[in-house]
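The values are calculated or read from the model by the stated rules, or taken from the named source; none is laboratory data. Here the structure is a predicted model, which means the values were calculated and not measured. No Cβ is skipped: glycine too gets one built from the backbone with ideal geometry, and neighbour counts run over all protein chains shown. Only protein heavy atoms, including side chains, enter the accessible area calculation; ligands, DNA and RNA are left aside. Shrake-Rupley method; radii C 1.70, N 1.55, O 1.52, S 1.80 Å.
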Amino acid sequence: MEEVAQRKLLSGLSHGAIFFSSMIVSVGIPIAILFVSNDPVVKENAKESLNFHINLFIYGIIFGLLVLIGIGIPLLLILWIISFIMPVIAILHVLDEPNMVYRYPFIFRLV
């Protein structure tokens, strides 16, 4: 039973790290969990969280550049909403089904 509770905690923490204000902290938590944990489900959730962070960063740069031509502001607003809603869905999923890895839709998996 303790293993499931630890899996829920670490998986939820890796997906919820995006809500910390510092970019270094929000990316550092999943990286630390990836290296510290021996649980394969927790490691996959940490990798998925890192991929989501990387994708948000790349999309933020692209949409920020699109502000210069006038279409980036609505895209940045949509990105901000997605960056809030998707981790909440991921946290709820890993708490409900701790033995399954949550996969974010429509992201590139670089890690």
Inset, instruction - With a point put 7 Å past each Cα toward its Cβ, work out how far I78 is from Q6 in nm, to one decimal. - result: 4.2
Legend entry - Most mobile of I82, I71, I31 in a GNM of the chain (Cα contacts under 10 Å): I71
Inset, instruction - Please give the per residue accessible area of the chain, computed with a probe of 1.4 Å over protein heavy atoms only, in Å². - result: 61
Inset, instruction - Please work out the C-alpha center-to-center distance from the range 6-46 to the range 59-83 and express it in whole Å. - result: 26
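Can you give me the relative contact order of the range 20-85 as a percent, contacts being Cα pairs under 8 Å and 6 or more apart? Intermediate results must be reported in sequence, preceding the final value.
Values: 34 pairs, mean separation 13.6, N = 66.
Relative CO of the range 20-85 lands at 21 percent.
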Inset, instruction - Go through V27, F63, H93 and say which Cα lies farthest out towards the positive end of the charge dipole of the chain; charges sit on Cβ, +1 for Lys and Arg, -1 for Asp and Glu. - result: F63
Inset, instruction - Kindly express, to the nearest 10 degrees and within the range 0 to 90, the angle between helix 23-36's C-alpha long axis and the longest C-alpha principal axis of the chain. - result: 30
Legend entry - Within the accessible area of the range 16-111 (1.4 Å probe), percent carbon and sulfur: 78
Inset, instruction - Quickly estimate the mean residue ellipticity at 222 nm for the chain, helices only: each DSSP H run with n ≥ 4 gives -39500 (n - 2.57), and the total goes over all residues, rounded to 500. - result: -25000 deg cm²/dmol
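Between V36 and N99, 0.36 nm times their residue separation minus their Cα-Cα distance comes to what? Before the final figure, lay out the partial values.
Working: separation 63, 0.36 × 63 = 22.68 nm, distance 1.84 nm.
Using 0.36 nm per residue and subtracting the Cα-Cα distance, I get 20.8 nm.
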Legend entry - Paired Rg and Dmax values of the chain, which use every Cα atom, in angstrom: 14.7, 54
Inset, instruction - Determine the relative contact order of the range 59-104: mean sequence separation of Cα pairs under 8 Å and six or more apart, normalised by residue count, in whole percent. - result: 24
Legend entry - Contact order relative to length of the chain, as percent, for alpha carbon pairs under 8 angstrom and 6 or more apart: 33
